[in-house]
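Have a look at the structure below, then the notes.
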Amino acid sequence: DSGVTQTPKHLITATGQRVTLRCSPRSGDLSVYWYQQSLDQGLQFLIQYYNGEERAKGNILERFSAQQFPDLHSELNLSSLELGDSALYFCASNLRGSSYNEQFFGPGTRLTVL
Amino acid sequence: AQSVAQPEDQVNVAEGNPLTVKCTYSVSGNPYLFWYVQYPNRGLQFLLKYITGDNLVKGSYGFEAEFNKSQTSFHLKKPSALVSDSALYFCAVRDDSGAGSYQLTFGKGTKLSVIP
């Protein structure tokens, strides 16, 4: 158990809908990262937050957004969903967001868009 | 841009034999390298990392990795494979693309199958 929790574990929805994925980092970790894992694209970085502030953006679509709250949990919002958004979404956290520190991954949320 | 290549989609090895999962990288500065393992329907688990120092890095579950700067490689190894090592292995490199951003760039993954 990495100490990172994600809810829900599974999510099934329809095209055009909006969903919210939630992540709670390890106790004490200030940095949260979101990744998308799909068969065709592999593991891709989406976005990073550090202590409530957006730190970096990767291959995140404009239909997707995220935020980190004062208690450090983070939410990833996916809107106008398309079939191609079906994937496993991971969040990870590490202490101070340092490059020296490994990231600890949650169990993921499997999103299925029908 | 930084990148990681895992040239083998799948590696098969007999139980008890040594295993190697290959990884090569491309970075503009100093490489910070990581190995993760993913079991079915699970998140990624950290195995080991290379930041600086000894080229041979030891990690969890008996795994080790050898950093080779001249060959830009960071191969994962284990002296004696177990059936329980069967999983998907990812090599990753730190991507320093901005002010304090340290997201990881992952390889495509290598599926390791250990045959009893």
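The values are calculated or read from the model by the stated rules, or taken from the named source; none is laboratory data. Source: prediction; values computed, not measured. Note that we place each Cβ from the backbone using ideal geometry, even for glycine, and neighbour counts take in every protein chain shown. Ligands, DNA and RNA are stripped out before the accessible areas are found, and what is left, the full protein with its side chains, is counted by its heavy atoms. Shrake-Rupley method; radii C 1.70, N 1.55, O 1.52, S 1.80 Å.
Observations, loosely collected:
- Here the condition is being modelled with pLDDT under 95 and under 26 Å from residue B:46 (Cβ atoms); of A:27, A:74, it holds for A:27 alone.
- Qualifying residue in the range A:29-51 (condition: of a type in the set (Val, Ile, Thr), assigned to a strand (DSSP E or B) and in contact with a Leu (Cβ under 6 Å, 6 or more places away or on another chain)): no
- Qualifying residue in the range B:72-80 (condition: open to solvent by less than 10 Å² (accessible area, probe 1.4 Å), touching a strand residue (DSSP E or B) at 6+ places or on another chain (Cβ under 6 Å), outside any strand (DSSP E or B) and away from chain A (no Cβ under 12 Å)): no
- Qualifying residue in the range A:17-33 (condition: under 13 Å from the mean Cα position of the chain (by Cα) and closer than 23 Å to residue B:108 by Cα): yes
- Subset of the range A:34-60 [within 11 Å of the chain's Cα centre (by Cα) and among the hydroxyl-bearing types (Ser, Thr, Tyr)]: A:35, A:49
- Among the residues listed as A:83, A:61, A:30, A:11, the single one being more than 8 Å from chain B (Cβ to nearest Cβ) and in contact with a helix residue (DSSP H, G or I) (Cβ under 7 Å, 6 or more places away or on another chain): A:30
- Per-region count, the range B:84-104, residues at pLDDT 70 or above, more than 7 Å from chain A (Cβ to nearest Cβ) and touching a strand residue (DSSP E or B) at 6+ places or on another chain (Cβ under 6 Å): 8
- Boolean, residue B:15 is open to solvent by 20 Å² or more (accessible area, probe 1.4 Å), touching a helix residue (DSSP H, G or I) at 6+ places or on another chain (Cβ under 6 Å) and at pLDDT 95 or above: yes
- Any hit, the range A:23-37, residues being polar (S, T, N, Q), surrounded by 15 or more Cβ atoms within 10 Å (Cβ to Cβ) and within 23 Å of residue A:83 (Cβ to Cβ): yes
- Extreme residue, farthest from the other protein chains (Cβ to nearest Cβ), among residues of the range B:42-63 that are assigned to a loop (DSSP other than H, G, I, E, B) and crowded, with 20+ Cβ neighbours inside 10 Å: B:63
- Qualifying residue in the range A:61-75 (condition: part of a strand (DSSP E or B), within 13 Å of the chain's Cα centre (by Cα) and closer than 15 Å to residue B:104 by Cα): no
Matching residues to (1) open to solvent by less than 50 Å² (accessible area, probe 1.4 Å); (2) farther than 17 Å from residue B:108 by Cα; (3) part of a strand (DSSP E or B); (4) in contact (Cβ under 8 Å) with a residue 60 or more places away in the chain:
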position: B:4; (1), (2), (3), (4): yes, no, yes, yes
position: B:7; (1), (2), (3), (4): no, no, no, no
position: B:20; (1), (2), (3), (4): no, no, yes, no
position: B:28; (1), (2), (3), (4): no, yes, no, no
position: B:34; (1), (2), (3), (4): yes, no, yes, yes
position: B:40; (1), (2), (3), (4): no, no, no, no
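- Among residues of the range A:86-100 being open to solvent by 30 Å² or more (accessible area, probe 1.4 Å) and more than 8 Å from every other protein chain (Cβ to nearest Cβ), the one that is modelled with the lowest pLDDT is A:96.
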